[in-house]
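Data first, discussion second: the structure below is written as structure tokens.
No value in this document is a laboratory result; all are computed from the given coordinates. Computed from a predicted model, the values in this text were never measured in an experiment. Note: ideal-geometry Cβ built from the backbone for every residue, glycine included; neighbour counts use all protein chains shown.
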Amino acid sequence: MITVDSLEINLKKVRQFCEDRDWDQFHNPKDLAIGLSTEANELLDLFRFKTETDMATMLQNDTTRNKISHELADILFFLLRFAQRFDFDLLDALEQKLAVNSEKYPVHQVRGSNRKYNES
């Protein structure tokens, strides 16, 4: 579970990990966004062309869960690194985005539907 405290602790761990390796020089916004996208696509690759049954089986298999966990960790690393490196408050950003999306996707209009807000 991610808490405010665990988020802060992990932001510091990511900072220290990267400082120890002198990686600031490689972590500009574009490169971190590329890393985030690349890792998200590696997660997608695990599920691409899978049926609902395939995915359910994957989520019950320890080896596959471990692969998924590693991809999620890679995504989280790049997300935390971007936020840490360029001073973004992820929890505040999430709160703001949920507020925006609550207006954009009112429950009474979108419940049970995954259509975009501007699709009929």
A correct Karplus calculation of ³J(HN,Hα) over the range 64-77, with 6.51 cos²θ - 1.76 cosθ + 1.60, θ = phi - 60°, whole Hz and x for Gly and Pro, returns 5, 4, 5, 4, 4, 4, 5, 5, 4, 5, 4, 4, 4, 4
Would you list the P(r) distribution for the chain, with all Cα-Cα distances sorted into 10 Å bins from 0 and each bin expressed as a whole %? 11, 29, 33, 24, 3, 0
Additional length obtainable on full extension of the chain from THR53 to GLU103, 0.36 nm per residue less Cα span: 14.5 nm
Magnitude of the Cβ-charge dipole of the range 11-105, K/R +1 and D/E -1, about the Cα centre, nearest 20 debye? 60 debye
Using the Karplus curve 6.51 cos²θ - 1.76 cosθ + 1.60 with θ = phi - 60°, what ³J(HN,Hα) values do you get for each residue of the range 57-63, in whole Hz, with x for Gly and Pro? 5, 4, 6, 9, 9, 4, 5
Give the lysines reachable from LYS104 as a straight Cα distance under 24 Å; neighbours fewer than 8 places away on the same chain don't count. LYS116
Just going by the charge dipole of the range 21-102, with Lys and Arg at +1 and Asp and Glu at -1 on Cβ, which of LEU32, THR53, ALA73 is farthest out on the positive end? THR53
Each residue of the range 104-109 in order: what ³J(HN,Hα) in whole Hz does its phi give by Karplus 6.51 cos²θ - 1.76 cosθ + 1.60, θ = phi - 60°, with x for Gly and Pro? 5, 10, x, 3, 5, 9
Reachable lysines, given that their alpha-carbon falls under 27 Å from the alpha-carbon of LYS67 and they are not under 8 places away in the same chain: LYS12, LYS13, LYS30, LYS50
